Amino acid sequence: MTESSRIRTTGPAAAQKTPQVRPRTEGWTQKKDESGRPLLQFASPKRGKPPVHLADLTVDERVEKVKELGLPGFRAKQLSTHYFTHYTSDPAEMTDLPAAQREELVAGMLPPLLTEVRRLETDKGDTIKFLWRLHDGALVESVLMRYPGRITLCVSSQAGCGMNCPFCATGQAGLTRNMSTAEIIEQIVRANRLIAEGGLGGKKADDHSMERVSNIVFMGMGEPLANYKRVMDAVRTMVAPQPDGLGMSARGITVSTVGLVPAIRKLADENIPVTFALSLHAPDDHLRDELIPVNSRWKVDEALDAAYNYYEKTGRRVSIEYALIKDMNDHAWRADLLAEKLNQRGHGWVHVNPIPLNPTPESVWTASTREVTNEFVRRLNDAGIPTTLRDTRGKEIDGACGQLVATTEDEDAAAAMA
Ligand code: SAH
């Protein structure tokens, strides 16, 4: 069968007549529990907790903690200003604090959370991938990207991920643990510091002191809604005005999920208008059961209903993520079925972001061809669903979607530093 004849196949009925090309899943076995269900990890394995940090606390709790450390409560605000507006945890820079207690105060309120193990750059310095070691040796990554008019940071919310999606390198590595609120925030603070120092693309000689991360995507390691409370506390701190928080716009924050339906419904009631993205990747349960193991709990229609509810409650247009995998989920009839399911629920509430699959180690799957990709996008657009192919950054440094995983090389580098 040629590509073009496959493209012309329309509708599920037609597709049944034409045998689907399904790559054999050699090199990949879905982990199952005793009852034969795909193995999913929702609970974070118990490990030593990261030290409590100012960014884990509410404004009142910060004041209390400073008092416990034997200093007047107003010092909390000074520390917050250093952290959230100057992006520093270095006592030497905090000359407005009493010299005698400065070290102790900073050690108690701003303990080190992320040790930089490695930094990789591409796109002439406009894309930077950081590898961080957490206090217990767990490794996570963030990716910083300069675009015209905005700077986006792709943050991790868990060390590893328990959702086990077969095409995602992080998913295949399993869940190490949830990240704390402050560990999530610290990724942004460190990125802001680097930007202010002129470390992200642009001209070194220019003044970068007013620039900072404008957009956050929870598309690094982890399933953000499986670490709901800490992620939401982090979001609240991101949007809190400086110096209590980072003073970011909720609209610039994208929470992306495999589709944990009860958590999506809860998110819709938070009254924080973040951008919501659902990683759908297939419009039919038959295939999605295989691609997204969590589909065994919440089906395509339930996930789409929850996404629609998010739109209804918040007025925010939602995004559907769709990694195009050659001969797996890129059939024309699947584009049509996706459009049909989205249009059934309403118009103007959703847009689709297909992205050609990024290669992951030992994966048997590859990205769809350009022709098939274009046809998929065209069909959705023709059906009235705004669809734009997502730009993918950082492939050369294994920093693109689904490629974030700590390698043995990374572990060796981290061990050498420890
Ligand atoms: N757990 C969350 C967020 C992390 S992944 C989620 O699943 O949404 C961010 C996006 O990258 C998701 O849409 C995910 O499905 C996608 N992704 C994962 N592996 C990929 C790969 N190999 N190529 C392209 N996109 C991928």
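Take the Cα atoms of the chain, find their three principal axes, and give me the spread along each one in whole Å, biggest first.
79, 51, 45 Å, listed from the longest principal axis down.
On average, how much area does the Cα convex hull of the stretch 277-387 cover when viewed from any direction, in nm²?
Hull-based average projected area comes out at 6.7 nm².
Let's test this: bin the Cα-Cα distances of the stretch 205-358 at 10 Å from zero up to the farthest pair and state each bin's percent.
All Cα pairs, binned at 10 Å, distribute as 10, 39, 32, 14, 5, 0 percent.
Once you have the Cα-Cα distance between Glu396 and Tyr147, take 0.36 nm times their residue separation minus that, and quote the gain in nm to one decimal.
87.9 nm is the gain from fully extending Glu396 to Tyr147.
How many nm is it between the label spots at Glu93 and Arg370, if each spot is 7 Å from the Cα in line with the beta carbon?
Those two pseudo-labels are separated by 4.5 nm.
Only bridges with both residues in the chain count here: give the DSSP antiparallel percent, nearest 5.
55
So how many Å³ per residue does the convex hull of the Cα atoms of the stretch 375-418 work out to?
About 95 Å³ per residue, rounded to a whole number.
Based on Cβ point charges of +1 for Lys and Arg and -1 for Asp and Glu, what charge dipole magnitude is obtained for the chain about its Cα centre, in debye rounded to the nearest 20?
Computed about the Cα centre, the dipole is about 720 debye.
State the cysteines of the chain left without a partner when partners are defined as other cysteines whose beta carbon lies under 4.7 Å away.
Within the chain, the cysteines lacking a partner Cβ under 4.7 Å are Cys154, Cys161, Cys401.
Can you give the calculated 222 nm mean residue ellipticity of the chain, where each DSSP H run of n ≥ 4 adds -39,500 (n - 2.57) and the sum is split over every residue, rounded to the nearest 500 deg cm²/dmol?
-10500 deg cm²/dmol
Considering only protein heavy atoms and a 1.4 Å probe, what is the carbon-and-sulfur percentage of the accessible area of the stretch 271-418?
Solvent-exposed carbon and sulfur of the stretch 271-418 make up 47 percent of the total.
Checking the table Lys77/Lys229; Lys129/Lys395; Lys46/Lys266; Lys229/Lys299 against a 18 Å threshold on Cα-Cα, which pairs fail?
Lys77/Lys229; Lys46/Lys266; Lys229/Lys299, as the Cα separations exceed 18 Å there.
Ignoring ligands, DNA and RNA, what accessible area per residue does the stretch 203-338 give at 1.4 Å, in Å²?
Solvent-accessible surface per residue comes out at 34 Å².
The values are calculated or read from the model by the stated rules, or taken from the named source; none is laboratory data. All of these numbers come straight from a predicted model, not from anything done at the bench. Neighbour counts run over all protein chains shown; Cβ positions are idealised from the backbone, glycine included. Ligands, DNA and RNA are stripped out before the accessible areas are found, and what is left, the full protein with its side chains, is counted by its heavy atoms. Shrake-Rupley method; radii C 1.70, N 1.55, O 1.52, S 1.80 Å.
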